[in-house]
Amino acid sequence: QVQLVESGGGLVQPGGSLRLSCAASGTIVSISAMGWYRQAPGKQRELVASITSGDITNYADSVKGRFSISRDNAKNTVYLQMNSLKPEDTAVYSCNVVARQRWYYSDSAYWGQGTQVTVSS
């Protein structure tokens, strides 16, 4: 009923840039929050950045000043602009959306399939 399609991952050199996109579709009436998580091999999943319906943003300390999250309400799409990428940024990045479906009573969280980001020279 709600599908998230991610794109923009790939292989980049240290110091390079990449922009991730996540488009939500389906029977969505409203979105409360959207965010990006990442998980590297052998490490716990962590929140990278999030943005609420009121445009309040939050970033992990490790990406502050380098990453920027934004959204397009008309397209139900969230973006993650990643600059000055480091090898430690290598991970699978997954989109998460908290949304209300049409005719449903409450919000639910939905996950994308994930996109690989590799930073290497």
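The values are calculated or read from the model by the stated rules, or taken from the named source; none is laboratory data. Worth saying up front: this structure is predicted, and the values here are computed from it rather than measured. Using ideal geometry, Cβ is built from the backbone for each residue, glycine included, and neighbour counts are taken over all protein chains shown. Just the protein is used for accessible areas: all its heavy atoms, side chains included, with ligands, DNA and RNA removed. Shrake-Rupley method; radii C 1.70, N 1.55, O 1.52, S 1.80 Å.
Mean separation of Cα pairs under 8 Å and 6+ residues apart, divided by the residue count of region 18-84: what relative contact order is that in percent?
Relative contact order comes out at 38 percent.
When only C-alpha pairs under 8 Å and at least 6 residues apart count, what is the relative contact order of the chain, in percent?
36 percent
So which aspartates and glutamates pass the test for K75, namely a Cα distance under 15 Å, with those fewer than 8 places away in the same chain ruled out?
Straight-distance partners of K75: E6.
Along region 83-96, what does the Karplus equation 6.51 cos²θ - 1.76 cosθ + 1.60 (θ = phi - 60°) give for ³J(HN,Hα), rounded to whole Hz, x for Gly and Pro?
The phi angles translate into 10, 6, 5, 10, x, 5, 7, 4, 4, 8, 9, 10, 8, 10 Hz.
When the dipole is taken about the Cα centre of the chain, and only Lys, Arg (+1) and Asp, Glu (-1) are charged at their Cβ, what size is it in debye, to the nearest 20?
For the chain, the charge dipole is close to 60 debye.
Stokes-Einstein at 25 °C, 0.890 mPa s, Kirkwood radius from Cα pairs: D for the chain in µm² s⁻¹?
In µm²/s, the coefficient is 169.
Ignoring any ligand, DNA or RNA, what whole percent of the accessible area of the chain comes from carbon and sulfur when the probe is 1.4 angstrom?
Whole-percent figure for carbon plus sulfur exposure: 47.
Quick one: work out the % antiparallel among DSSP beta bridges in the chain, nearest 5.
95 percent
Which whole-number value in Å² is the accessible area per residue of the chain, probe 1.4 Å?
55 Å²
What does the highest-first list of 31-43, 5-17 look like by mean Cβ count within 10 Å?
With the highest mean Cβ count within 10 Å placed first, the list reads 31-43, 5-17.
Could you name the lysines whose alpha carbon sits less than 25 Å from that of K43, not counting residues in the same chain fewer than 8 places away?
In chain and number order, the partners are K64, K86.
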